[in-house]
Amino acid sequence: MNITIGSDHGAVALKDEVKMVLKEYEDIKVTDVGTFGTESVDYPDIAEKVCADVTSGKADFGIVLCGTGIGISIAANKVKGIRCALCNDVYSAKKAREHNNANVLAMGGRVLGFGPAGEIVRAFVESSFEGGRHERRVNKVMAIEQK
Ligand code: RB5
């Protein structure tokens with residue numbers, strides 16, 4: 001599984017922590033598109049980079065991080081083909097995959113501690129889309145992009 005991760009300056013430490021968590025999985029390869037320092041950057045630029053890897057197929061999933069996770073999740077969801085879920089708890093992360101077939105996970109570096117964030121990431125990568133009635137709903141969500 002290939003995962004592309006990116007954050008603005010508000011979540012660089014969380015990005016490093018998430019990368020450490022993903023090292024637990026032998027089958028996961030991570031691409032980090034930055035940012036790498038404390039200098040202020042604009043979260044839409046990071047969202048676009050991560051989402052480009054997902055929509056091109058280079059990455060199976062994306063992880064986007066900013067201070068709250070809100071701005072970068074809004075930006076990610078403007079990209080056609082992206083279903084980004086902002087998750088602050090494990091249950092939401094599990095359901096984001098099972099019911100919403102989310103292909104991008106968003107979290108906030110100024111909201112979540114490293115422990116809870118790690119559990120959210122594990123829940124996201126270990127859960128799978130259930131299909132069935134959820135597929136119909138996800139298809140309707142994606143059809144909105146074409147209107
Ligand atoms: C940057 O200061 C901050 O606005 C950003 O990280 C994020 O929280 C926006 O939603």
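Each reported figure results from applying straightforward, stated rules to the coordinates on display, with no laboratory input. As the structure is a prediction and not an experimental result, all values here were calculated from the model. Virtual Cβ from ideal backbone geometry, glycine too; neighbours counted across all protein chains shown.
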Using the alpha-carbon atoms, what tilt in degrees (0 to 90, nearest 10) does helix 12-22 show relative to the longest principal axis of the chain? 60
Which shape class applies to the stretch 90-147: rounded if a/c is under 1.5, otherwise prolate when a/b exceeds b/c and oblate if not, where a ≥ b ≥ c are the square roots of the Cα gyration tensor eigenvalues? oblate
Dipole magnitude of the chain about its Cα centre, charges +1 at Lys/Arg Cβ and -1 at Asp/Glu Cβ only, in debye to the nearest 20? 660
Among rounded, prolate and oblate, which fits the stretch 10-54 when a ≥ b ≥ c are the square roots of the eigenvalues of its C-alpha gyration tensor, a/c under 1.5 means rounded, and a/b larger than b/c means prolate? oblate
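Could you tell me the relative contact order of the stretch 1-51? Use alpha-carbon pairs under 8 Å, at least six residues apart, and round to a whole percent.
The normalised contact order for the stretch 1-51 reaches 52 percent.
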Go ahead and estimate [θ] at 222 nm for the chain from helices alone: -39,500 (n - 2.57) per DSSP H run with n ≥ 4, summed, over the residue count, rounded to 500. -13500 deg cm²/dmol
Could you run the Karplus curve 6.51 cos²θ - 1.76 cosθ + 1.60 with θ = phi - 60° over the stretch 103-109 and give me ³J(HN,Hα) per residue in whole Hz, x for Gly and Pro? 10, 9, 9, 10, 9, x, x
Between helix 133-144 and the chain, what is the angle of the helix's C-alpha long axis to the longest principal axis, kept within 0 to 90° and rounded to the nearest 10? 80
How far is helix 114-126 tilted, in degrees, relative to the longest principal axis of the Cα atoms in the chain, given as a value from 0 to 90 rounded to the nearest 10? 30
Please order Tyr91, Tyr25, Tyr43 by the number of other Cβ within 10 Å, starting at the fewest. Tyr91, Tyr25, Tyr43
Count charges around Ala93 for me, please; just the other residues with Cβ under 14 Å from its Cβ, Lys/Arg as +1, Asp/Glu as -1. +1
Going by a ≥ b ≥ c, the root eigenvalues of the Cα gyration tensor, does the stretch 49-147 fall in the rounded group (a/c under 1.5), the prolate group (a/b larger than b/c) or the oblate group? oblate
Farthest toward positive dipole pole in the stretch 106-147 [+1 Lys/Arg, -1 Asp/Glu at C-beta], among Gly132, Pro116, Gln146: Gln146
Links exceeding 19 Å between C-alpha atoms in this model, out of Lys15/Lys49; Lys78/Lys140; Lys29/Lys78, come to Lys29/Lys78
